[in-house]
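Below is one structure, written out as structure tokens, with a few remarks after it.
Computed from the coordinates by the stated procedures, all read-outs in this text should not be read as laboratory data. Just so it is clear, the model here is predicted, and its values are computed rather than measured. No Cβ is skipped: glycine too gets one built from the backbone with ideal geometry, and neighbour counts run over all protein chains shown.
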Amino acid sequence: MIDFSLPEESRLLIDTVRRFVETEVQPLETEVEETARLPSDKLATVKAKAQSLGLFAMNMPEEVGGGGLSCVDHCLVEEELGKTSDALIRRVFGQVYPMLMACKGDQRDTYLLPTVRGEKICAMAITEPGAGSDAASISTTARLDGDEWVINGTKHFISDGDIADYVIVMALTDKEKRARGGITLFLVDKGTPGFKVVRTQPMMGHRGYGHAELAFEECRIPADAVLGEVGGGFKLIMNSVEEIRLAHIGARAVGMATRALDLMRHYAGDRQQFGKPIGDFQMVQKLIADSVIEIFGVKMMVLNTAWELDQGRDVRTKVSAVKVAASEMQGRVVDRAIQVFGGMGFTKEMPLERMYRDARVTRIYDGTSEIHRMLIARATIKHGFDFLEA
């Protein structure tokens, strides 16, 4: 017998997050969209409330001040967070990267703990103009010169790169080894000579926070600014990326799609055409039913994969499947919701217009749908369907 019931503690947490998002966070969405910035005074108030309820840095271990959630609970929480904008999620609930747990010695007090407390903002600098899905092909380099590392290179599309107090920079330290031990992560403070924000790149969606191009020109940092071990950067990233993809893409996609479905079903029941609710028409019913089916399927995929990750299993292929299914489902459901609303769905008076734009990029970042399909196919050809076993 398989028991799918949730512990009462998990239910209480999810209900708390759901109410908080609906009452405290969603009311800020319109202002963020219209001004493309976060209202600092209002944000500080909401962030303080979230922290008082223990809703900040929930993905991090309790030992460092985080929520200590299992992967399953993390995904259930992120599903609720997905019902608001990414900019607000970052500021209200914290964007704390799990690879910061590799901090050691003074790094813990300088970077890890202040970030978990919400006192510092971190940005993750991996993507480059010539290295997107193939992160191992980065050209940014770091060489050891005495007791300093010297970094040279360019990063772009770096979320929060314009306002971060420090960045985690992925750089080549051995061009011959690359992903097999030639990539290292570095902690680089804002204001370090040779490190500058070149520009912020305006985006189609995800308004309210910057996506920056960063340049490193003979940027010198201390020898002890390495995060983890020299040559261990790629492995450190890959050890963290599975839960990030599950929670930030899979679970949030379910949340956004669920919100769109909720708007769709209410409108279908209220909107009258030809003397009856449009929800009585079979074509509208199909749009709703297809959305229900897809959301349910992806949610089960997310939770099954999260449970396996909690058991310590290799879920790489399943995560790729979730990433593709979730990102593409999200776009289809929001598109259907706009179709049900008709002209109103196309206006900025409805959150669907924002959701439509925000959903589009999820098929691109953290590995495109095409890259993940390739990985799934390769794993299946080599190993068969073993990854589908419980």
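Tabulated results
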| item | result |
| --- | --- |
| Relative contact order %, the range 1-137, counting alpha carbon pairs below 8 Å whose residues are six or more apart | 23 percent |
| Backbone N under 15 Å from the E389 label point (7 Å along Cα→Cβ), restricted to the range 276-315 | 313-315 |
| FRET efficiency estimate (nearest 0.05) - Cβ-Cβ, F274 to D224, R0 51 angstrom | 0.10 |
| Whole-number percent relative contact order across the chain, with pairs defined as alpha carbons under 8 Å at least 6 apart | 15 percent |
| Inter-part distance where the range 272-322 and the range 114-151 are each reduced to a Cα centre, Å | 36 Å |
| By average C-beta atoms within 10 angstrom, highest first, the peptides 329-338, 6-15 | 329-338, 6-15 |
| Helix-only mean residue ellipticity at 222 nm for the chain, each DSSP H run of n ≥ 4 adding -39500 (n - 2.57), per residue, nearest 500 | -13000 deg cm²/dmol |
| Helix axis angle, 282-310 relative to the chain longest principal axis, alpha carbon, degrees | 40 degrees |
| Spin-label pair E34/M374, simplified geometry with 7 Å Cα→Cβ offset, distance in nm | 4.5 nm |
| 0 to 90° range, to nearest 10: angle between helix 8-20 axis and the chain longest Cα axis | 80 degrees |
| Using θ = phi - 60° and Karplus 6.51 cos²θ - 1.76 cosθ + 1.60, couplings along the range 329-341 (whole Hz; Gly, Pro as x) | 4, 4, x, 5, 5, 4, 4, 5, 4, 5, 5, 5, 6 |
| The range 71-121 shape via C-alpha gyration tensor axes, a/c threshold 1.5 | oblate |
| Label-point gap, in nm, between S70 and D189 - each point 7 angstrom along Cα→Cβ | 4.1 nm |
| Most fluctuating residue given options T115, T347, T362, as computed from a GNM of the chain linking Cα atoms under 10 Å | T347 |
| Gaussian network model of the chain, springs between alpha carbon atoms under 10 Å - residue of S369, S320, S240 with greatest fluctuation | S240 |
| Simple label model, 7 Å out from Cα along Cβ direction - D314 to D165, nm | 3.9 nm |
| Base-10 log of normalised Debye intensity for the range 82-192 (one unit scatterer per alpha-carbon) at q = 0.10, 0.19 Å⁻¹ | -0.32, -1.08 |
| Coarse-grained scattering of the chain at q = 0.06, 0.08, 0.11 Å⁻¹, given as base-10 log I(q)/I(0) from a Debye sum over alpha-carbon atoms | -0.24, -0.43, -0.82 |
